[in-house]
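> So that we are looking at the same thing, I have put the structure below in structure tokens.
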Amino acid sequence: MNLKHYEAFYWIGRLGSFHAAARQLGVSQAAISARVREAEEGLGLPLFERVGRGVVLTPKGQELLPYAAQFVALASEVQQRIGTRDAISGRVRFGATSIHAMTWLPSLVDRIARSHPGLVLEVAVDSSETLRAGLERGQLDVAVVAGPLDGSRLFSVSVGAVSNIWVAHPRLNLPMRSLTARELAAWPIISDRPGTLLHTLMLDWFRQDGAEPHRNHSASHLPVRLHLARAGIGVALVSQSAAEQDLAAGHLVRIETAQPAPNLSYSLACAIAPPSLPMRVVIDAAASFIAQKSDLNMYYAAAGQAETETGEPLIAPEKLIDD
């Protein structure tokens, strides 16, 4: 097998179809089919089985896939390290959540464009769960996602955690003492939408005390959750740093609990291990931006000041990050 065989096999295995692999490599589907046929003839065994309109790996194909990923990544690095920084080229599809898009992501796009003009960075902003699914389906190359990735096929680098607290408007008159989850469940709860990691962590937090929220409001946008809490709609689970301004002004009060509120960890993840050189360039640049603040809470504090009506940050990204 030569490099073209490994590339065809790898992208079919990752994307699940000959058509998608042909589009990724910029060749015809007939060329992809020919490469697979040659690879299977050379190995003397089938690598794929057809299922509907797609294909799945045979057991031997599954065994070969990680080796093919290493061949493809190494070939990319050898090719692109022989030359100047401008020689680093390719397309990297990068996913980020709204918090990161509202803070350091514009600076990342600008840095990549200036330092590696041959590298095309495409950005997708969505929920962490959608981004993770995009990585696993081969629709994204790199993404910053929430939650542990133990047991996942994704390659990941931890970039920190966000500390959460419970807050409410003073007029809700919650007891000014430490509350159990069972006691807190009597008030309306404001969290992320069902299906998100934060929503799951919130429910698990209550259920560990044998409780279930009586009323559960959901909002996927952090500034909206803060806005609802300021309006007295319920008790919100939010980033501590994002709520500091409202707490200092008396618009919100912190609700102490017997067990700390669930925190949220983040990682930079990609579906290729090891990542290709263009992916590593993006991963390293994103990690450097995140590291410019003492922790991720600082970005949540900035995002928490966003205008809920427009979704635009009150503080421009260039004021948040020193490039």
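> Can you tell me how many residues in the range 25-48 are touching an Asp or Glu at 6+ places or on another chain (Cβ under 9 Å) and part of a helix (DSSP H, G or I)?
Of the residues in that region, 2 qualify.
> Also: Count, please, the residues in the range 251-292 that happen to be at pLDDT 85 or above and over 23 Å from Trp104 (Cβ atoms).
Residues that pass the stated criteria total 12.
> Same structure again: Please enumerate the residues belonging to the range 177-191 that are within 30 Å of the chain's Cα centre (by Cα) and part of a loop (DSSP other than H, G, I, E, B).
Ala185, Pro188 - these are the residues of the range 177-191 that are within 30 Å of the chain's Cα centre (by Cα) and part of a loop (DSSP other than H, G, I, E, B).
> Within the range 167-195, work out how many residues are surrounded by 20 or more Cβ atoms within 10 Å (Cβ to Cβ) and within 21 Å of Ser128 (Cβ to Cβ).
Qualifying residue count for the region: 4.
> Is there a residue in the range 195-202 that is of a type outside the set (Phe, Trp, Tyr) and farther than 17 Å from Ser127 by Cβ?
Filtering the range 195-202 for residues of a type outside the set (Phe, Trp, Tyr) gives 195-202.
Filter once more, keeping what is farther than 17 Å from Ser127 by Cβ: none.
The answer is no; no qualifying residue exists.
> Can you run down the residue pairs with Cβ atoms below 9 Å, 6 or more apart or on separate chains, where the first is in the range 256-267 and farther than 9 Å from Leu201 by Cα and the partner is charged (D, E, K, R)?
Qualifying pairs under 9 Å: Glu256/Arg177; Thr257/Glu183; Ala258/Glu183; Ala258/Asp209; Gln259/Asp209.
> As an exercise: evaluate Trp205 against (1) at pLDDT below 95; (2) in contact with a strand residue (DSSP E or B) (Cβ under 9 Å, 6 or more places away or on another chain) and give the number of the one condition it does not meet.
The single condition Trp205 does not satisfy is (1).
> Further question on the same structure: Somewhere in the range 12-22, is a residue in a helix (DSSP H, G or I), of a type in the set (S, T, N, Q) and surrounded by 15 or more Cβ atoms within 10 Å (Cβ to Cβ)?
So far as the range 12-22 goes, no, none of its residues is in a helix (DSSP H, G or I), of a type in the set (S, T, N, Q) and surrounded by 15 or more Cβ atoms within 10 Å (Cβ to Cβ).
> Report yes if some residue within the range 255-273 is touching a Lys or Arg at 6+ places or on another chain (Cβ under 6 Å), crowded, with 20+ Cβ neighbours inside 10 Å and small (Gly, Ala, Ser); otherwise report no.
No.
> Please find, within the range 23-48, the residue that is surrounded by the most Cβ atoms within 10 Å (Cβ to Cβ) out of those that are in contact with a Leu (Cβ under 8 Å, 6 or more places away or on another chain) and farther than 15 Å from Leu65 by Cβ.
Applying the filter and picking the extreme gives Ile32.
> Do we have Val123 as among the β-branched types (Val, Ile, Thr) and surrounded by 16 or more Cβ atoms within 10 Å (Cβ to Cβ) here?
Taking the combined requirement at face value, the residue does not satisfy it.
> Okay, next question. Out of the residues in the range 94-104 that are in contact with a helix residue (DSSP H, G or I) (Cβ under 8 Å, 6 or more places away or on another chain) and of a type outside the set (S, T, N, Q), which is nearest to His221 (Cα to Cα)?
So the residue we want is Ile99.
The values are calculated or read from the model by the stated rules, or taken from the named source; none is laboratory data. Given the structure is predicted, the values throughout are model-derived calculations rather than measurements. Cβ atoms come from the backbone with ideal geometry, glycine included; neighbour counts cover every protein chain shown.
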